[in-house]
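Q: First the structure, which I've put down as structure tokens, then a few questions once you've had a look.
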């Protein structure tokens, strides 16, 4: 069973992540999300909703692949940040329904959406790299710098501060917080409200507005994970 399912209602596509566990961004999950986005673009939908499962948006990269290291881990890391790049540049609005915890790469994907809705409750939005002994990847810094207030950026990156849903709004990661059972339906309502946007103007304006972050993201991917292609 695919860990990312695709459904279309009118001109809105909803991609749901559900591996039955923590929604780890494994190579299989990343591939499934990419194919779902391919389908959304081929269908010509006017907006996309990316949603997690109850209690989990994503716990980040698959630790079993990371711990094995080698070419597969590098390809997974690069693939995760290339997905974030694709989301930031997607030529139609993408609304993220953060249904619970968003950890590490899960939080970076959250930050790559155009509009982000979080579930109220005891959930963490957490770039935990420094807390677990990892240097923050350059492409992650690009995404966090783009989304977070300067103070929140410094605390998130250097002190590994975890945000609850309400503080994530103040920090810049969420636009709204709603009850957990309303996250996906609210995201779909927001997406429907974006149907009237002029597609060309949206796509071109998005690229103009994000020139700096996209350039920084691409340079960071090449610097940190460029070996993946040659491996």
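Q: Kindly provide the set of residues from the range 1-13 that are touching a helix residue (DSSP H, G or I) at 6+ places or on another chain (Cβ under 7 Å), surrounded by 14 or more Cβ atoms within 10 Å (Cβ to Cβ) and modelled with pLDDT of 95 or more, ordered by number.
A: Within the range 1-13, 3, 4, 6, 12, 13 qualify.
Q: Looking at the structure I just gave you, is residue 200 touching a strand residue (DSSP E or B) at 6+ places or on another chain (Cβ under 9 Å) and either without any contact (Cβ under 8 Å) to a residue 12 or more places away in the chain or farther than 30 Å from residue 63 by Cβ (or both)?
A: It is false that residue 200 is touching a strand residue (DSSP E or B) at 6+ places or on another chain (Cβ under 9 Å) and either without any contact (Cβ under 8 Å) to a residue 12 or more places away in the chain or farther than 30 Å from residue 63 by Cβ (or both).
Q: Working carefully through the options 106, 113, find the one that is within 23 Å of residue 27 (Cβ to Cβ), assigned to a loop (DSSP other than H, G, I, E, B) and touching a strand residue (DSSP E or B) at 6+ places or on another chain (Cβ under 6 Å).
A: The match here is 113.
Q: Kindly evaluate residue 43 against the criterion of being in contact with a helix residue (DSSP H, G or I) (Cβ under 9 Å, 6 or more places away or on another chain) and at pLDDT 95 or above.
A: No: the conditions fail for residue 43.
Q: Here's something else I'd like to know. Hey, among the residues in the range 137-171 that are outside any helix (DSSP H, G or I) and surrounded by 18 or more Cβ atoms within 10 Å (Cβ to Cβ), which one's farthest from the chain's Cα centre (by Cα)? Don't jump to the end; show me each part of the working.
A: Filtering the range 137-171 for residues outside any helix (DSSP H, G or I) gives 137, 148-149, 159-164.
Filter again for surrounded by 18 or more Cβ atoms within 10 Å (Cβ to Cβ), leaving 137, 148, 161-163.
Working: 137: 15, 148: 14, 161: 18, 162: 17, 163: 16 Å.
Ranking the candidates gives 161 first.
Q: Residue 120 passes all but one of (1) surrounded by 21 or more Cβ atoms within 10 Å (Cβ to Cβ); (2) in contact (Cβ under 8 Å) with a residue 60 or more places away in the chain; (3) touching a helix residue (DSSP H, G or I) at 6+ places or on another chain (Cβ under 6 Å); which number fails?
A: (1)
Q: Right, residue 16: modelled with pLDDT of 95 or more and in contact with a helix residue (DSSP H, G or I) (Cβ under 9 Å, 6 or more places away or on another chain) or not?
A: yes
Q: Same structure again: Is it fair to say residue 216 is within 19 Å of the chain's Cα centre (by Cα), within 23 Å of residue 57 (Cα to Cα) and modelled with pLDDT of 95 or more?
A: It is false that residue 216 is within 19 Å of the chain's Cα centre (by Cα), within 23 Å of residue 57 (Cα to Cα) and modelled with pLDDT of 95 or more.
Q: Can you find even one residue in the range 60-76 that is surrounded by 23 or more Cβ atoms within 10 Å (Cβ to Cβ) and in a strand (DSSP E or B)?
A: yes
The values are calculated or read from the model by the stated rules, or taken from the named source; none is laboratory data. Predicted model, so just to flag it, every value in this text is computed and none were measured. Here the Cβ is made from the backbone with ideal geometry for all residues, glycine too, and neighbour counts use every protein chain on show.
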